[in-house]
Amino acid sequence: TAMVARRKEEITRGMAEVAAEKQAALNLQRDLQAQRTEIEAERQKAIDEQRAQLATESKKVIDEARAEARKIREQAATQIGAERATASQELFSGIVELAVNLAERLVREVALPSIEQAFMTRVLDYLDHLSAPERAALVSHLGANSVVVTTAHPLGAPEEAEWREQLGKRIGAAASIEFKGDPALIAGAEIKFPSAILRFNWRDALTSAAREINRNEHAG
């Protein structure tokens, strides 16, 4: 009976130990599963954070690339516009220069020595319409200085005498007047006073016309 009792006690103790070990194994399994779940959660969190960071950096790179591309396009458009405007201006200036040269060639063909008399009329008309203060300012610095009359075609003695007489009536008979010829004027005259220059010639008229055309083009 004692032996049976001890045997039962051993069996009972063994079963209790087995149950305890089984429970410990279950507890360990639960701990491992909890750790595995926590590790998986941490891994997923790290992956999500990395994806978010990559997305942010990717968006930043894309935005910077778009901004740079926009800047390059704007700079290219500005440069193209400037080059186009420059080319247009150069073309326009070339056309104006060509037109002026053509006009100069045409007027040279019709400019005869006798045409200088027509310009003398314009000079005298200009002087006649000056106010007293303007005329006084024009001749105020004459003194010992000469008035230089330059014409496109050299004047003959009769023409010089007429110019001298007509100018003398308006600026003073005692004024010293010199005469020169300059084919560059094309036609007309240039009257040089010590304090001013009166220009009545086709060269300056063509130059003024070209300047006015270019000014109007820029204003437009």
Applying the selection to the range 161-192, what residues are surrounded by fewer than 16 Cβ atoms within 10 Å (Cβ to Cβ) and part of a helix (DSSP H, G or I)? ALA161, GLU162, GLU165, GLN166, GLY168, LYS169, PRO183, ALA184
Going through (1) of a type outside the set (A, V, I, L, M, F, W, C); (2) over 46 Å from the mean Cα position of the chain (by Cα); (3) at pLDDT below 85 one by one, ARG105 fails only at (2)
Pairs under 8 Å by beta carbon, first residue free of Cβ contacts under 8 Å to residues at least 60 places away in the same chain in the range 3-18, partner open to solvent by 90 Å² or more (accessible area, probe 1.4 Å), six or more apart or different chains? none
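The values are calculated or read from the model by the stated rules, or taken from the named source; none is laboratory data. Treat the numbers as computed from the prediction; the structure is a model and nothing was measured. When we count neighbours, we look across all protein chains shown, and the Cβ atoms used for this are built from the backbone with ideal geometry, even at glycine. We work out accessible area using only protein heavy atoms, side chains counted, and drop any ligands, DNA or RNA first. Shrake-Rupley method; radii C 1.70, N 1.55, O 1.52, S 1.80 Å.
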